[in-house]
1. Taking the condition of being surrounded by fewer than 19 Cβ atoms within 10 Å (Cβ to Cβ), modelled with pLDDT of 95 or more and not polar (S, T, N, Q), how many residues in the stretch 1-22 meet it?
2. Taking the condition of being surrounded by fewer than 20 Cβ atoms within 10 Å (Cβ to Cβ) and part of a helix (DSSP H, G or I), how many residues in the stretch 249-264 meet it?
3. Given the conditions (1) touching a helix residue (DSSP H, G or I) at 6+ places or on another chain (Cβ under 7 Å); (2) closer than 28 Å to residue 452 by Cβ; (3) of a type in the set (Val, Ile, Thr), and given that residue 100 satisfies all but one, which numbered condition is not satisfied?
4. Which numbered condition trips up residue 307, out of (1) aliphatic (A, V, I, L, M); (2) without any contact (Cβ under 8 Å) to a residue 12 or more places away in the chain; (3) surrounded by 20 or more Cβ atoms within 10 Å (Cβ to Cβ)?
5. Quick check on my filter: what residues within the stretch 348-366 are of a type in the set (D, E, K, R) and in a helix (DSSP H, G or I)?
6. Does residue 150 satisfy the criteria of being acidic (Asp, Glu), out of contact with any Asp or Glu (no Cβ under 7 Å at 6 or more places or on another chain), over 24 Å from residue 223 (Cα atoms) and not assigned by TED's automatic domain parsing to the domain that holds residue 251?
7. Being more than 11 Å from the ligand (Cβ to nearest atom) and either within 24 Å of residue 426 (Cβ to Cβ) or of a type in the set (Asp, Glu) (or both) is the requirement here; does residue 52 meet it?
8. Name every residue in the stretch 239-248 that is more than 23 Å from residue 337 (Cβ to Cβ), surrounded by fewer than 24 Cβ atoms within 10 Å (Cβ to Cβ) and of a type outside the set (Asp, Glu), in order of residue number.
Amino acid sequence: MPPDAREQLIAQLQAAIGTRYVLHRHEELMLYEYDASTLDLAAPEIVVVPASTAEVVRVVDIAAAAGWPVVARGAGTGLSGGSVPAAGGVVVSLARLNQVLKIDPVARRAVVQPGVVNVDLSAAAAPYQLHFAPDPSSQRSSTVGGNAAENAGGPHCLKYGITTNHILGATVVLADGSVAELGNAAPDMPGYDLLGAFVGSEGTLGIATELTVRLTPDPEAVRTFLAIYDDPPDAPGRGLDAAADTVSAIIAAGIVPAALEMLEGLGVRLVEEYIHAGYPTDARAVLLIEIDGMHEELAAQAEQIAAICQAHGARELRAARDETQRQQLWAGRKGALAAAARLKPHYHIQDGVVPRSRLTEVLRFTEEVARRYELHVVNIFHAGDGNLHPLLVFDLREPRARERAIAASEEILHACVAAGGTISGEHGIGLEKRDYMRWIFSADDIAAMLELRAVFDPAGVMNPCKQLPSGASCADIKQARGAARALAAGAWI
Ligand SMILES: Cc1cc2nc3c(=O)[nH]c(=O)nc-3n(C[C@H](O)[C@H](O)[C@H](O)COP(=O)(O)OP(=O)(O)OC[C@H]3O[C@@H](n4cnc5c(N)ncnc54)[C@H](O)[C@@H]3O)c2cc1C
């Protein structure tokens, strides 16, 4: 696009939503060229910060008419490059759409704008003894809109379900500037589940500007345990096997813990040295096990869990004695990424899923791969649903460090798929894994998904080059769009 055309677009957007909310200077745009992944940076041409559905409509209308891609952005905590504008275009920050509009404690529902931070929603619902159940470890910064777009998970999703189970309706601005109401507060709406298609679509089908969400009652009682496993000197690795076997045994016993997380070796030490959560630094592995429900049922479950842990060789099972100690244990789990930075400043994290019965085998493989690529791997993950989070830490100043980390994670994800699992449990596909979609879907499957996408967005305006492989690289798409815009503007005629 010739520079005067960009100026024209800026002027149009400023007229639509106010000068202050259209960012276009280099130093402003730099803040929107990355997310929490380690992918290549890509700056947008313009960033807009609208304050209502009507303003989002105006922005989408203007950008789409001028041939620019539109990329929604919540808090930018994504781990797969979803909000990185790799094909350029206009980033729509939802930061000003940050109000909890309504809480209905009787229906146990809330209506929120997408930029509401996850914990702020639960804080708003707390006076009614309700909370928003999806609890990604990023919940202090990630937004409900970003959680819906990524279909985020979290430790307590083992019992309560991932984000899609908690979104009841969405107001969505589509690529042609129309506004669609997806879903409905009534359960079991007839017709196709378009809301189901939208949740997890990573900003490729439209921009959510309002969400109706389910609120979950706070449990009457909660009990949290730390099960600790050692490696006997004559059997290295036995502690890891024992912890993984405990996970399978707990679920096989018919217990559905609220959360069942594993931290192993290096991860336990890093977390403890940084957060002082009360984890034993000499453990080979620990399980953070939480059960919740009614007082009466918890006593029996706790006994069952203690017996299972003991039968699988746990050195000790510690119970959090009060809420402060419980919060401390969770602070350790949720601060794992920050703790790993003490080892090396950069990380590449994956979230491949495996059947629980294959956990140890794939964990061992991650260690072997890390050794081969001369990287450290920290394993802290949602063991209950087999969702591994191998965190490969490195220092970008070391030779080919990032390339090694990416190659290592590719091998790990291959192993997850070979074990009967898949490439992502919750972080989304984004830019990072879109080509890996071919490992798990046939060409026909991908073509069908591209057709669905085209129904919502025939011109490919919304977050192009994300989630689904289209055969073209982001650079190709960026170039083709630039050429089309120039042609439309008469530059080549
Ligand atoms: C320390 C850390 C821990 C994490 N832990 C977890 C975890 O436990 N579980 C988990 O699932 N994830 C986790 N994540 C990843 C990330 O926080 C989640 O994917 C989160 O849902 C992203 O929310 P966000 O607001 O930051 O979205 P962004 O990163 O801004 O955007 C993510 C995607 O959503 C799209 N999007 C954003 N808002 C909208 C909207 N209103 N309408 C349409 N599309 C939209 C964007 O285009 C992009 O594709 C973690 C990240 C970090 C940094």
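The values are calculated or read from the model by the stated rules, or taken from the named source; none is laboratory data. What you see is a predicted model; the values in this text were computed from it and never measured. All Cβ positions, glycine included, derive from the backbone under ideal geometry; neighbour counts span all protein chains shown.
1. Pass one, the stretch 1-22, residues surrounded by fewer than 19 Cβ atoms within 10 Å (Cβ to Cβ): 2-8, 10-12, 14-16, 18-20.
In the following step, the residues that additionally are modelled with pLDDT of 95 or more were identified as 10-12, 14-16, 18-20.
Next, only the ones that are not polar (S, T, N, Q) stay: 10-11, 15-16, 18, 20.
Within the stretch 1-22, residues that are surrounded by fewer than 19 Cβ atoms within 10 Å (Cβ to Cβ), modelled with pLDDT of 95 or more and not polar (S, T, N, Q) number 6.
2. Count: 3.
3. The failed condition is (2).
4. (3)
5. In the first step, residues of the stretch 348-366 are kept if they are of a type in the set (D, E, K, R); the result is 351, 356, 358, 361, 364.
356, 358, 361, 364 - these are the residues of the stretch 348-366 that are of a type in the set (D, E, K, R) and in a helix (DSSP H, G or I).
6. Details: acidic (Asp, Glu): yes; out of contact with any Asp or Glu (no Cβ under 7 Å at 6 or more places or on another chain): no; over 24 Å from residue 223 (Cα atoms): yes; not assigned by TED's automatic domain parsing to the domain that holds residue 251: yes.
No; evaluated as a whole, the condition is false for this residue.
7. Values: more than 11 Å from the ligand (Cβ to nearest atom): yes; either within 24 Å of residue 426 (Cβ to Cβ) or of a type in the set (Asp, Glu) (or both): no.
Spelling it out, it is not the case that residue 52 is more than 11 Å from the ligand (Cβ to nearest atom) and either within 24 Å of residue 426 (Cβ to Cβ) or of a type in the set (Asp, Glu) (or both).
8. 239, 248
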